[in-house]
Amino acid sequence: MAIKKLKLYILLIFIVSFFASKVQNSWGSVNIQQIKIPTENGQWVVADLFKPLSATKDNPAPVVIVIPGFQRSKETLSNISIELSRRGMVVFSIDPYAQGGSSSSMQRRAATKEGYGMYALVEYISNTDNLNYIDKNKIGVTGHSAGGLASIRGAQYFGNQAKGVNSYSKIHSAYVSGMVRMGFEKKHLKKIKSNIGVSYALYDEGAWQNELKNGDLTEAPEILRLINHQIADSKNNFNNVEIGKFYGELNKRNKTIIHNEKVLHPLQPYDFTATKNQLNFFSTVFEINYSIPSADQVWYWKELLTLISLVLSFLLIIPFSKFLLDFPYFKGLIQSKPKEVPQPIGVSKYIFWGLFFLSGIIACFSFIPMSELSKLLFSDASNRIQTWFFPQRMNNTIMLWAIFNGLIGLLLFFGNHFLFSKEKNKSSLKIKIKSSDILKTFILGFTIFSAYFLLVFLIYYFFHVDFRFLFLGVKVFRLQLLYLLPIYAPIFFIFFFSNSLRVNYVFRTKSLNRYQQILYSCIANTFGLFLILIIQYLTLYSTGTVFWREGWLYINLLFGIVPIMLILPIFNYKFFELTGQVYLGPITMSMILIMILLSNTVCYIPL
């Protein structure tokens, strides 16, 4: 049965990935390839090149460089790349410096000083004769959040360069999404010689940093400075801006439009209206009148298909593990499961639920302090300095939070067991394991991990897609990240092991069926994180400002963390059912899930 399920899941993944790739390449009308471009200081940029078949030497097309934001790789903005390319535009979707497959940067302010690698790419496009299918007079850039900052800084950089030689800017048009806090200073805006589009979420969590402390752009000083610079008419000094209205003229390279979509910051790139507005901008400034209507969008089909692949990839882990456990070498790891724990009654019941809520509250209110502590303990990564010593700025926070809450969980678990369990003998927990079995368990876990990511690499090789939904994804990774796995995974193991004990000894009671046990375990593992999001967004809804201001970016990180924490108890339960032991689950999933985190976050490893 296990091998049949395994074959079915793999077959379905290949089929679904095939159709996802067809959506991505517009059913063969767009060629997609990954490229690597050497840049300054021995750095490099990895990008996906979307080349429509209609773009030729005799019919050169406009080009748009897509720049993801902080904590994002090129795959996270494939939606806008798909839509631009199916409308006849060439697209370079880059991995920003220190993210995805691109190198780290010598600059601590890579978005501002280098456009996350975009500056070098613009120079290459402008100066090479190789890209003869590109209209070099129509180079556009777009990005979200820090990628949006890179976009407007690029317009300023190349505008200033053009003024020095009295020519047009190499950047014809720039679209800035999710950023007005930086890049809109008067001294820098005066350098711009490009058409500009701005899109900002009305409910942006970082809007408290704006000059008016909110996300409304109608009278935002940052936007008024931009409009007044772009129009540069002494007779018209704008005091407000009409959202969705074009200002300026194409022939003067000052056409400008402002959008203010009703959406949150992390969801803005995937909002239908925001995508529509961006497509309208580039169709207008590049004068593509014959194009597909902006309301005709297909990118969400690719997201749905890769979500199915993501779910299927997780589903195949247990059948594959069961298949491996049938091998004689691993078969000895299978032990009889201990008896279910009696339902807590009386005082024990109150203690049980008290610890349940206490651990959730600790998980909630320890998150931001751990983010602050990570800045002190891992100062190089926090200051964007290249290092091999825990080089992942955001994961360092998650790691500290995990080890703190993992230790708290172990303390509460063993304290409760030895104080209130009728069987005071530690061996009754069945957590003792022979050293030879630990080695076999690790080999088995590493085999599962290797096979899982081998499938990811094969799917990417054949179809140029991975397993993902929006900004949560299982993706191919640079081999250097394998060096980081033994650095991060053992520390995360403490949390994963603590969770395995909770799932398989605390909630494995006679009064709960298997589905209730899993449900309670999932709630317990994510309760504190959900509480953070509830507090953050209820405060935003009621006051217009988030609860945690300084740490709002770390809170946004939870959109990718919560799903991982949600599925962890399921795997710990399933692996326990297979082996009767609490080790295979945390060993295996600490490698798989931590590699997912490692490959989806900023990483300042040395060049």
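The values are calculated or read from the model by the stated rules, or taken from the named source; none is laboratory data. None of the values given here were measured: they were computed from a predicted structure. Cβ coordinates were reconstructed from backbone atoms using ideal geometry, including for glycine residues, and neighbour counts include every protein chain displayed.
A few remarks follow.
- Which listed residue is crowded, with 24+ Cβ neighbours inside 10 Å and more than 18 Å from the chain's Cα centre (by Cα), from I37, I65, I80: I65
- Of the criteria (1) assigned by TED's automatic domain parsing to the domain that holds A363; (2) within 28 Å of R393 (Cβ to Cβ); (3) among the β-branched types (V, I, T), which one T509 fails: (2)
- Test: residue in the range 243-263 that is surrounded by 15 or more Cβ atoms within 10 Å (Cβ to Cβ), in contact with a Gly (Cβ under 9 Å, 6 or more places away or on another chain) and in a helix (DSSP H, G or I): no
- The range 430-476 - residue that is in contact with a helix residue (DSSP H, G or I) (Cβ under 8 Å, 6 or more places away or on another chain) and of a type in the set (G, A, S) and, of those, nearest to I308 (Cα to Cα): G473
- Taken together, L279, L307 contain a single residue that is in contact with a strand residue (DSSP E or B) (Cβ under 7 Å, 6 or more places away or on another chain) and aliphatic (A, V, I, L, M), which is L307.
- Screening the candidates R72, R108 for the property of being modelled with pLDDT under 95 and surrounded by 24 or more Cβ atoms within 10 Å (Cβ to Cβ) yields one hit, R72.
- Of all residues making up the range 517-536, the number that are farther than 24 Å from L593 by Cα and either touching a residue at least 60 places away in the same chain (Cβ under 8 Å) or more than 22 Å from the chain's Cα centre (by Cα) (or both): 2
- All conditions but one from (1) within 27 Å of the chain's Cα centre (by Cα); (2) assigned to a loop (DSSP other than H, G, I, E, B); (3) crowded, with 19+ Cβ neighbours inside 10 Å apply to V582; the one that does not is (1).
- Comparison of S511, S599 shows that the only residue that is in contact with a Pro (Cβ under 9 Å, 6 or more places away or on another chain) and touching a residue at least 24 places away in the same chain (Cβ under 8 Å) is S511.
- Looking only at the range 301-338, and only at residues there that are within 30 Å of N277 (Cβ to Cβ) and not aliphatic (A, V, I, L, M), the one that is surrounded by the fewest Cβ atoms within 10 Å (Cβ to Cβ): W301
- Exclusive hit being surrounded by 17 or more Cβ atoms within 10 Å (Cβ to Cβ) and within 29 Å of H172 (Cβ to Cβ), set V285, V298: V285
- Checked against the criterion of being within 16 Å of A174 (Cα to Cα), surrounded by fewer than 21 Cβ atoms within 10 Å (Cβ to Cβ) and either outside the structural domain of T275 (by TED's automatic domain parsing) or out of contact with any Gly (no Cβ under 8 Å at 6 or more places or on another chain) (or both), the candidates E123, E114 yield just one match: E123.
- Condition met for I152 (more than 22 Å from A201 (Cα to Cα), of a type outside the set (D, E, K, R), modelled with pLDDT of 95 or more and not assigned by TED's automatic domain parsing to the domain that holds L482): no
- Answer from A201, A274 - the residue that is modelled with pLDDT of 95 or more, under 29 Å from L558 (Cα atoms) and not in a loop (DSSP other than H, G, I, E, B): A274
- Of residues in the range 40-58 being among the aliphatic types (A, V, I, L, M) and closer than 20 Å to A110 by Cα, the one surrounded by the fewest Cβ atoms within 10 Å (Cβ to Cβ): V46
- Some residue of the range 205-216 being surrounded by 12 or more Cβ atoms within 10 Å (Cβ to Cβ), among the polar types (S, T, N, Q) and in contact with a His (Cβ under 7 Å, 6 or more places away or on another chain): no
- Selected residue (criterion: surrounded by the fewest Cβ atoms within 10 Å (Cβ to Cβ)) from residues of the range 541-555 that are part of a helix (DSSP H, G or I) and touching a helix residue (DSSP H, G or I) at 6+ places or on another chain (Cβ under 9 Å): L553
- Enumeration of residues in the range 156-186 that are crowded, with 24+ Cβ neighbours inside 10 Å, among the aromatic types (F, W, Y) and in contact (Cβ under 8 Å) with a residue 60 or more places away in the chain: Y175
- Flag if L485 is modelled with pLDDT under 90 and surrounded by fewer than 19 Cβ atoms within 10 Å (Cβ to Cβ): no
- Exclusive hit being within 21 Å of V582 (Cα to Cα), modelled with pLDDT under 85, outside any helix (DSSP H, G or I) and not acidic (D, E), set I345, I431: I431
- If you go through the range 116-151 and keep only what is part of a helix (DSSP H, G or I), more than 13 Å from S93 (Cα to Cα) and not hydroxyl-bearing (S, T, Y), you end up with A120, E123, I125, N127, A146, G148, L149, A150.
- Checking each residue of the range 137-145 against the condition of being at pLDDT 95 or above, surrounded by fewer than 24 Cβ atoms within 10 Å (Cβ to Cβ) and not polar (S, T, N, Q) gives at least one match.
- Condition met for S336 (of a type in the set (G, A, S), modelled with pLDDT under 90 and in a loop (DSSP other than H, G, I, E, B)): yes
- Among residues of the range 126-144 that are more than 23 Å from Y157 (Cα to Cα), those with a Cβ under 8 angstrom from a residue that is assigned to a strand (DSSP E or B), sequence gap 6+ or separate chain, pair up as Y133/K51; Y133/A61; Y133/V90.
- The lone exception for I594 - which of (1) buried (at least 22 other Cβ atoms within 10 Å of the Cβ); (2) more than 18 Å from the chain's Cα centre (by Cα); (3) assigned by TED's automatic domain parsing to the domain that holds F367 it fails: (2)
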